[in-house]
Amino acid sequence: MPDRGPADVLVVDDTPAKRYVMVSWLRRAGHQVSEASAGEEALGLIAERRPDLVILDVRLPDLSGFEVCERIKADPATASIPVIQVSGNAVSVRDRAEGLERGADAYLSEPIEPDEFTATVEATLRYSRARRRAEVMAARLAHLAEVTLQINRSESFQSLLGVAVRGASSILGRRATALAVPDDKRLQRHLAGPGEVAAQASVPPDLLERLCAKALGEEAGAEVLTVPAADWAALHGEADAGAPVIGVLCRTKTGRPPVFLAVRADPVLDGNEVNLLRQLGQGLALAVDALRAYAEEHATSLTLQRSLLPTRVPEIPGLAVGLRYRPARDNVEVGGDFYEVLEAGDRVLVAIGDVMGHSLHAATIMAELRHALRASVMDRVDLAASMDLLNKILRRYHPGMTATVCLLLLHPRTGELQLANAGHIPPLLAGPGARYHGLGNLLLGVADEEYKVDHLVLPQGGTLMLFTDGLLEDRDVLLDVSLERARSLAETVEDDLERFCDRMLAAFGTREDDVALVVLRRDL
């Protein structure tokens with residue numbers, strides 16, 4: 001129903017003369033009128049036409065007007081249609097009260113003056129239109145909240161822009177388009193109509209700049225911009241854009257690329273619809289900035305993390321080495337996982353560890369421990385002394401922080417192996433009958449500890465696997481279950497350790513924590 005002006009009215013009365021009079025009054029007021037002479041006929045027309053107003057006689061040949069009104073109001077599809085009941089017989093206070101109680105929006109007793117009739121119709125329509133506007137706005141606001149939530153949940157620019165155009169199209173009932181610059185710096189344009197799947201379309205790379213020249217400029221803020229069809233076509237370099245558009249051009253901070261969210265401007269949007277579009281555009285701009293910042297921080301974190309890991313692994317005759325570092329999928333902050341492989345004369349020193357937490361602080365402690373470990377083996381290698389030094393550094397300079405570290409010193413030619421473990425997951429002796437070596441000492445940073453060094457021999461062809469707990473930890477699985485799964489998987493070792501590493505990582509899938517993995521095989 002339009003907000004004002006003519007309405008579609010159904011007049012229900014079994015007396016032709018009365019119908020004629022009321023129809024004449026309504027048409028003189030500019031309304032479109034249809035007629036019915038019985039209750040069932042009226043209900044059928046109401047279901048088919050959904051009129052804006054029903055004028056209903058109380059006495060009908062098949063159903064009473066009271067019953068017809070009740071059935072109109074009981075159906076959710078027609079409950080909002082206003083009903084004016086009219087009667088020349090049921091005119092008592094009790095009759096009028098019953099009519100209103102059973103759903104009528106107004107009640108007129110005959111004889112009816114034309115002015116009273118017209119005024120009652122206009123007042124009822126005015127109230128009904130206001131109520132429908134409020135209901136539509138409430139539904140749109142609820143939909144806006146749902147779309148905003150989906151926008152904030154989006155994990156990629158593709159899904160984010162798709163949600164925005166589908167939401168704008170669904171809320172406002174017209175075709176929508178969105179323009180934004182993701183982290184790859186290439187402008188994207190997404191389109192969707194009501195009920196359509198969002199699609200990506202080609203776009204001139206300078207379109208946002210040209211829109212900003214029309215409004216907003218280089219400033220932060222949100223500007224509503226109406227672009228005529230010819231101008232919109234010229235901006236896109238198209239022969240015909242089809243219709244004008246109205247959109248919101250929004251930039252959250254000076255110097256950042258804006259976003260543009262627009263819909264077709266024909267028919268013209270009212271003030272409430274423009275405000276909804278503005279809110280959705282501002283929500284999109286904030287989400288784009290957050291996602292862009294996340295991507296930039298994630299890339300920076302990965303760069304920093306990788307810069308703290310060894311730049312190269314020495315090639316050691318008789319020793320095959322497989323290495324992996326996998327950052328957590330959803331973690332922007334830098335983790336504390338590390339590994340190290342160092343030549344020590346005719347032997348090789350291997351370290352793996354994990355500093356508590358995910359933060360820049362954890363990463364700097366990780367780097368400090370790595371450098372301290374390297375310094376401790378410059379002249380001679382003593383695993384117990386190195387572990388003691390790392391523990392003292394952590395306790396003195398970083399109280400409250402802890403770390404797990406496992407150190408191996410291997411002679412590839414003889415297979416002699418020294419092992420010191422400070423609270424880390426024990427090394428896994430891979431291959432048939434795979435087994436964990438056993439628990440070591442207390443983790444670093446807790447208390448003074450005398451770190452023991454185990455001596456064993458890695459046989460020719462023997463494989464050792466060291467890894468951080470990120471490979472195994474799962475909120476829904478006991479650690480012992482995951483440890484046994486890793487042991488079972490490690491009973492088979494591929495000739496190519498790279499394939500073995502990939503299989504182990506793939507078996508546990510995407511992880512919530514960083515993973516470091518070191519695999520050694522003595523080939524001599």
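Residue-level check: of (1) part of a strand (DSSP E or B); (2) touching a residue at least 24 places away in the same chain (Cβ under 8 Å); (3) not hydroxyl-bearing (Ser, Thr, Tyr), ARG189 misses just (2).
Filtering the range 419-430 for residues that are over 19 Å from ALA516 (Cα atoms) and crowded, with 23+ Cβ neighbours inside 10 Å leaves an empty set.
Inspection of the range 476-495 identifies at least one residue that is in contact with a Gly (Cβ under 6 Å, 6 or more places away or on another chain) and part of a loop (DSSP other than H, G, I, E, B). Checked across the range 454-469, the condition of being in a helix (DSSP H, G or I), buried (at least 16 other Cβ atoms within 10 Å of the Cβ) and either of a type outside the set (Ser, Thr, Tyr) or touching a Pro at 6+ places or on another chain (Cβ under 8 Å) (or both) holds for at least one residue.
Yes/no per residue for (1) buried (at least 17 other Cβ atoms within 10 Å of the Cβ); (2) at pLDDT 90 or above; (3) outside any helix (DSSP H, G or I):
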| site | (1), (2), (3) |
| --- | --- |
| GLN158 | no, no, no |
| VAL165 | yes, yes, no |
| SER169 | yes, yes, no |
| ALA178 | yes, yes, yes |
| ASP184 | no, no, yes |
| GLY195 | no, no, yes |
| PRO205 | no, no, yes |
| LEU216 | yes, no, yes |
| TRP232 | yes, no, no |
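Checked across the range 102-122, the condition of being touching a residue at least 60 places away in the same chain (Cβ under 8 Å), surrounded by 21 or more Cβ atoms within 10 Å (Cβ to Cβ) and part of a helix (DSSP H, G or I) holds for at least one residue.
Taken over the range 457-480, residues that are over 23 Å from PRO327 (Cβ atoms), among the hydrophobic types (A, V, I, L, M, F, W, C) and at pLDDT 95 or above amount to 3. Taken together, ILE393, ILE365 contain a single residue that is part of a helix (DSSP H, G or I) and in contact with a His (Cβ under 6 Å, 6 or more places away or on another chain), which is ILE365.
The values are calculated or read from the model by the stated rules, or taken from the named source; none is laboratory data. Only a predicted model underlies this, so the values are computations on that prediction, with no experimental measurement involved. A quick note on method: Cβ atoms are made from the backbone with ideal geometry, for glycine too, and the neighbour counts reach across all protein chains shown.
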